[in-house]
Amino acid sequence: MSDELDPELLRLFVEADQPLPDADFRNRVNEALNRPQGWRDVVRALAEATRAVLSGLAIGIAAPFRIRTSRLGLMAASGTALVIWATLQMVQS
Amino acid sequence: MPGPALGRTDEPAVVALAIFGDDAAFSELVRRRQSWLRNLLRRLCRDPMLADDLAQQAFLQAWRSIRSLKSARAFGPWLRRLAVNTWLAQVRAKPAAQLSSIAAEAGARGPEQADTLTTGEQLDLDRALGRLSPDERVCIVLAYNEGMSHAEISAMTGLPLGTVKSHIKRGAEHLRTLLRAYRPIEVTRHVR
């Protein structure tokens, strides 16, 4: 069966689609948008903060396991250089 | 109130501004899309007041989640999905008893009893749509009002493609029967 539609019904739908005045409706939407949400906002903010912290932790934990093998040498060299630099700093102080 | 410059800006640019939190841009989107969305929901609900409430909810939800919109050009279909989902949630939240009484009403006043309706009722497409089951109605409205393909309707509603096709076929037959008395009036109007 194709997606063909009954032209008579289609015409009725087109006729029923009348432009509706927007002023009242827009005022209602704008009022609702500006209305303070109270505890819902607090809950939403806490949920967002928790989600951000958890996703940051997950990324931090997963990151070392995602390093490409070809870059392991570079990482090892950087790590070694960092340890040497920290040691020298400690010796100097 | 959006400025005159926003009123002349093309929609994707206005959507992009709204994504960055510009509430005047979002208000402009409400101005542009309200009539279309309210008409769509009036086809789905029988009650214009309820349709406006659902349209308002859909716009509020759109404002809260507009940052999740992947492409500014997809705003229209995305907003339509929000509106249809808002309506579906409202239909599904109704107690089972209320839904079965609606179905019983639809069944009791089925095609065979269409002639007992008044002419005024038969002229009203929204009331005729209200006699279809919610699933039939959403399929018919998305196909006829929104020009969506059967596959798109299936993807949006989660109904199997075959079910969508049969809902549209049976729903259209049902509507034709309910609106049967509309035709002679239309012919008279054209003759004048």
Open item on the list: Please determine whether any residue of region A:40-48 is outside any helix (DSSP H, G or I), surrounded by 10 or more Cβ atoms within 10 Å (Cβ to Cβ) and not polar (S, T, N, Q).
Closed with: no
TODO: Go over the candidates B:37, B:44 one by one and state the one that is in contact (Cβ under 8 Å) with a residue 12 or more places away in the chain, farther than 18 Å from residue A:29 by Cα and either surrounded by 15 or more Cβ atoms within 10 Å (Cβ to Cβ) or touching a Cys at 6+ places or on another chain (Cβ under 9 Å) (or both).
DONE: B:44
Task: Residues that are surrounded by 16 or more Cβ atoms within 10 Å (Cβ to Cβ) and under 18 Å from residue B:140 (Cα atoms), drawn from region B:47-65 - done: B:51
TODO: Scan (1) in a helix (DSSP H, G or I); (2) surrounded by fewer than 10 Cβ atoms within 10 Å (Cβ to Cβ); (3) within 11 Å of chain B (Cβ to nearest Cβ) for the single condition residue A:13 breaks and write down its number.
DONE: (2)
- [ ] Given the conditions (1) surrounded by 10 or more Cβ atoms within 10 Å (Cβ to Cβ); (2) assigned to a loop (DSSP other than H, G, I, E, B), report the number of the one that residue A:75 does not fulfil.
- [x] (2)
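Conditions (1) closer than 30 Å to residue B:140 by Cα; (2) without any contact (Cβ under 8 Å) to a residue 40 or more places away in the chain; (3) of a type in the set (A, V, I, L, M, F, W, C), marked per residue:
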{"residue": "A:5", "(1), (2), (3)": "yes, yes, yes"}
{"residue": "A:26", "(1), (2), (3)": "yes, yes, no"}
{"residue": "A:42", "(1), (2), (3)": "no, yes, yes"}
{"residue": "A:50", "(1), (2), (3)": "no, yes, no"}
{"residue": "A:55", "(1), (2), (3)": "no, yes, no"}
{"residue": "A:71", "(1), (2), (3)": "no, yes, no"}
{"residue": "A:74", "(1), (2), (3)": "no, yes, yes"}
Open item on the list: Looking at (1) at pLDDT 50 or above; (2) more than 12 Å from chain A (Cβ to nearest Cβ), which one does residue B:111 not meet, given that it meets all the others?
Closed with: (1)
Task: Qualifying positions in region A:16-36 - within 7 Å of chain B (Cβ to nearest Cβ) and among the aliphatic types (A, V, I, L, M) - done: A:16, A:20, A:29, A:32, A:33
- [ ] Give the residues of region B:63-80 that are touching a helix residue (DSSP H, G or I) at 6+ places or on another chain (Cβ under 7 Å) and at the interface with chain A (Cβ under 10 Å from one of its Cβ atoms), sorted by residue number.
- [x] B:63
Task: Output for region B:47-60, where each listed residue is touching a residue at least 12 places away in the same chain (Cβ under 8 Å) and either of a type in the set (S, T, N, Q) or in contact with a Ser or Thr (Cβ under 8 Å, 6 or more places away or on another chain) (or both) - done: B:54, B:57, B:58
TODO: Enumerate the pairs (first residue in region B:160-172 and on the phi < 0 side of the Ramachandran plot; second residue anywhere and buried (at least 20 other Cβ atoms within 10 Å of the Cβ) and among the basic types (Lys, Arg)) with beta-carbon separation below 8 Å, excluding pairs fewer than 6 apart on the same chain, so at least 6 apart or on different chains.
DONE: B:171/B:137
- [ ] Would you confirm whether any residue within region A:61-69 is within 13 Å of chain B (Cβ to nearest Cβ), within 31 Å of the chain's Cα centre (by Cα), surrounded by 10 or more Cβ atoms within 10 Å (Cβ to Cβ) and not small (Gly, Ala, Ser)?
- [x] no
- [ ] Could you tell me which of the residues B:83, B:74 is assigned by TED's automatic domain parsing to the domain that holds residue B:46, of a type outside the set (Asp, Glu), at pLDDT 95 or above and under 23 Å from residue B:40 (Cβ atoms)?
- [x] B:83
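The values are calculated or read from the model by the stated rules, or taken from the named source; none is laboratory data. Because the structure is a prediction, the values reported are computed rather than measured. Counting neighbours? That spans all protein chains shown, and the Cβs are built from the backbone with ideal geometry, glycine included.
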